[in-house]
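The values are calculated or read from the model by the stated rules, or taken from the named source; none is laboratory data. Predicted model only: the values in this text are computed from it and were never measured. Every residue, glycine as well, gets a Cβ built from its backbone with ideal geometry; the counts of neighbours run over all protein chains shown. Side chains included, ligands, DNA and RNA excluded: accessible areas come from the protein's heavy atoms. Shrake-Rupley method; radii C 1.70, N 1.55, O 1.52, S 1.80 Å.
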Amino acid sequence: MSRGHLRIYLGAAPGVGKTFAMLNEGWRRHERGTDVVVGYVETHGRPRTAEQVRDLEVVPRRSITYRGAQFSEMDVDAVLARSPQVALVDELAHTNIPGSRNAKRYEDVEELLAAGIDVVTTVNIQHLESVNDVVEQITGVRQHETVPDAVVRAADQVELVDMTPEALRRRMAHGNIYAPEKVDAALSNYFRVGNLGALRELALLWVADKVEEALQSYMETHGISAPWETRERVVVAITGAPSGEHLIRRAARMARRSQGDLIGVHIVASDGLAGEGPNALLEEHRTLLRDLGGEYHEVVGSDVAGAMVQFARAEKATQLVLGATRRSRWTELTRGSVIGAVLREAGSIDVHVISEPGTEPPRPGVALRPRRRERGELPLRRQAAGWVLALVGIALLTVVLRLLHGQVNLTSITLVFLLLVTVVAAVGGRWPALAAAVVSSLVVTFFFTEPLHTFRVAAPENVLALFVFLAVAALVSTEVSALARRSADVQRARAEAEALARVAGGLVGEADPMPSMLGHLRSTFDFDAVAVLVEEWTAGGWSRRRWAHRCRRRPRSRLGAAGARGRAGRRRAGAGCRRPPVLAVFAAQLASALERSRLEAEAAQARARVEADELRTAILRAVSHDLRTPLASIKASVTSLLQGDVDWTAEAQHEFLATIDEETDRLDRLVGNLLDMSRIDSGAVDVLLRPVGLDEVVPQALGSLSGPGDRFEVQVPETLPRVLADPALLERAVANLAANAVRFSPPDRPVRIEAAEVGDHVDLRIVDQGPGVAADDRQRVFEPFQRLGDKANGSGVGLGMAVARGFVTAMEGELELEDTPGGGLTAVISLEPVAP
């Protein structure tokens, strides 16, 4: 049986029309003769959405009893038994009630797909696991129902249901999304224009990334290596030249106009002509690139032009930006033109050569090298120059010395040719020099040794001289060539060390340097993949941790991810043979980073112990003071009542008893808060979540408080959906917040307690009109033994707010503080509603 196809309608926020679109598609398929059923649809009371069900077959839901309440979920067994061609299943991220077939609805959908049933479903961007924290930062609301990104990315089709923030707010204002009593709260909270705009952009970016993944997979499957201009990617070459700032800004403007990506690359030349390495301007250009939104990469390569083009292809670049060179014609002839080589190798990549102001030419380290060379080889242009110098030099020397025939002896002639061989060795290396030595010996024999114009030598001493000349020339050429290779190795090692130093310097201060370190290691040496395996001894034995970093897009070679291997790593004498020393240094850096992480963890534990000691000290100080105060009042009242020589009036006795009652309640609350805080800190809070009505909890919480009840104005509609909470913990949290609000409110101003459904959660707001708390101090309010506000030394040990947040957090809710319009503080408890 073939697997079913999954189609997902993705929205940026509730109300954009996902369910509407899903039902419309189901109706269209039904009209074309497809067997379509509604497995589950949630209209949220929207009449126009409900109308779209029309005469589609709806599979009855399954009723589940949980903690005394009835809930309905999709009946997976009934849908499987019905076996339609297409099933419409709303709200993919929904969490099923305990007792259901699966914990999450996307697991239900997976069963339908495995049975060969096509599924059309819906999900909002805020429910995707990867963006859950970003959505919380944008909206201030934590989404507890999430779906793994892999589930959505694996869908056959993902369609974005888009709507502008203004249009969505109009729909909200017209009552097409929420009930009228919820509109104002929603528009002023979750459905603000800024929130909706940010969520919309987040959804667009996620879908664009999904499309790019699909396109990349298609191109790799069909062997398409040339970039497709679906999205502009501008790569700019950074050399550290004075005119580099102008070049980077120009490339940034090109990327911005095309809404594309900006990527900077610096090629560290690894040959003997690497020059003086990066100058001070390189770090400034690197900072400028990042300030302009670009991404910096550094690659070590001897063939600068080839490395640049290959990097651009690996990044799927569509444009490559280079600075115009001011080299002389002779320099270009002898060392080559990077621009010319890039133009020849770029293929379908657009190359822009920017005329830049400035007088200094680019660094010699970015000169062209036609191809990669093995370790110890000189650039091919130098070898070619050596061959040319050997041929031309021998011919010129022969002509000149023939004109001077009779004025110089054979010894001087051989020394002149030996000097030429030495120069050829310094320029072109061993093989041009050896060839020059052999040809020079033949020329000297033919043109300058008696008898002339033959290869016969009449005098025996001349035979010995020629052999000595040939041996010395070969020895000198070998030594000079080795010296040139050692110079190239030194330059290469310096370039790699400089790259390593910049990597190490850039990682200072990072919380987790391992991913960045591996990324720099891969890009610096142009590796396909890098993996680090660390073995650690723990109480349970040896354990292993593994970090890996692969190319983001198309691999740069055919090598796999088993270790850190370069493109030429298959050959024993290849580029991979020169990596171990530098890799050892990188390994030392990695070890230092891991050691730093371990020390930071130990320091954090030490800080935690210090904080615990400080907390114990604060508890002792607070308790020693705040326990004495009510006990002293109780003791004084009881002592007065027990005095037999005083005839207290009934009014005085009532006052003493009222004081005892009030101080006993205060002492009870104090001890209760201490015990609750101890339970929260130790993680011993037992939470029994079940559907709870706020209209039941709030009166009970207020009834547990001493004092007049007319200090509160309660507006908690009975029509609100029930919330998932522990009734006892919620009651204690509300009581603490209400007591705190009364304590800081003026006597003539009541405390308002309101509740409303806002988006996908229910908010309970405790509003006072006291002095309020500064925004910078609001988090301190929730710390134990903190007393802020207009009564800096008021009663209590400062545990009420800490206990309230601890209980709300234990119930998977949220407790935040807001300003009250007109002055004061508003505590907002957000809880998850339970579907009826």
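Hey, what's the stretch 5-136 come to in accessible area per residue, 1.4 Å probe, Å²? All intermediate terms of the calculation are to be shown ahead of the outcome.
Working: 5220 Å² over 132 residues.
Value returned for the stretch 5-136: 40 Å² of accessible area per residue.
A DSSP coil position with no more than 16 other Cβ atoms inside 10 Å describes the following trypsin sites (Lys or Arg not before Pro) in the stretch 1-45: Arg3, Arg32. Loop-located trypsin sites (Lys or Arg not before Pro) in the stretch 37-87 (DSSP state not H, G, I, E or B) with no more than 16 neighbouring Cβ atoms inside 10 Å: Arg54, Arg61, Arg67. Using C-alpha pairs below 8 Å separated by at least 6 residues, the relative contact order for the stretch 103-206 is 25 percent. Using a cut-off of 15 Å between beta-carbons, work out the net charge of the residues near Pro47 (Lys and Arg +1, Asp and Glu -1, Pro47 not included). Residues near Pro47 contribute +2 overall. Of the peptides 764-771, 237-244, 591-598, the ranking by mean beta-carbon count within 10 Å, highest at the top, reads 237-244, 764-771, 591-598. When its C-alpha radius of gyration is set against 2.2 N^0.38 Å (N residues), the stretch 56-134 gives a value of 1.16.
A simple spin-label model places the labels of Glu245 and Ala324 2.1 nm from each other, with each point 7 Å out along Cα-to-Cβ. Computed across the stretch 693-780, the Kirkwood radius stands at 13.8 Å (inverse of mean 1/r, all Cα pairs).
With a Förster radius of 56 Å applied to the beta-carbon distance between Ala150 and Val400, the computed FRET efficiency rounds to 0.10.
What a 1.4 Å probe finds exposed on the stretch 75-130 is 48% carbon and sulfur by accessible area, rounded to a whole percent. As an exercise, use a Förster radius of 35 Å and the Cβ-Cβ distance of Glu166 and Ser83 to find the FRET efficiency, rounded to the nearest 0.05. The pair Glu166/Ser83 has a calculated efficiency of 0.20. Under the combined filter of DSSP loop state and at most 13 neighbouring Cβ atoms within 10 Å, the stretch 1-57 retains these GluC sites (Glu not before Pro): Glu42.
Can you work out the FRET efficiency for the pair Ala835 and Ala774, with r the C-beta to C-beta distance and R0 = 41 Å, to the nearest 0.05? Please report the intermediate quantities before stating the final value.
Numbers: r = 39 Å, r/R0 = 0.96.
It comes to 0.55.
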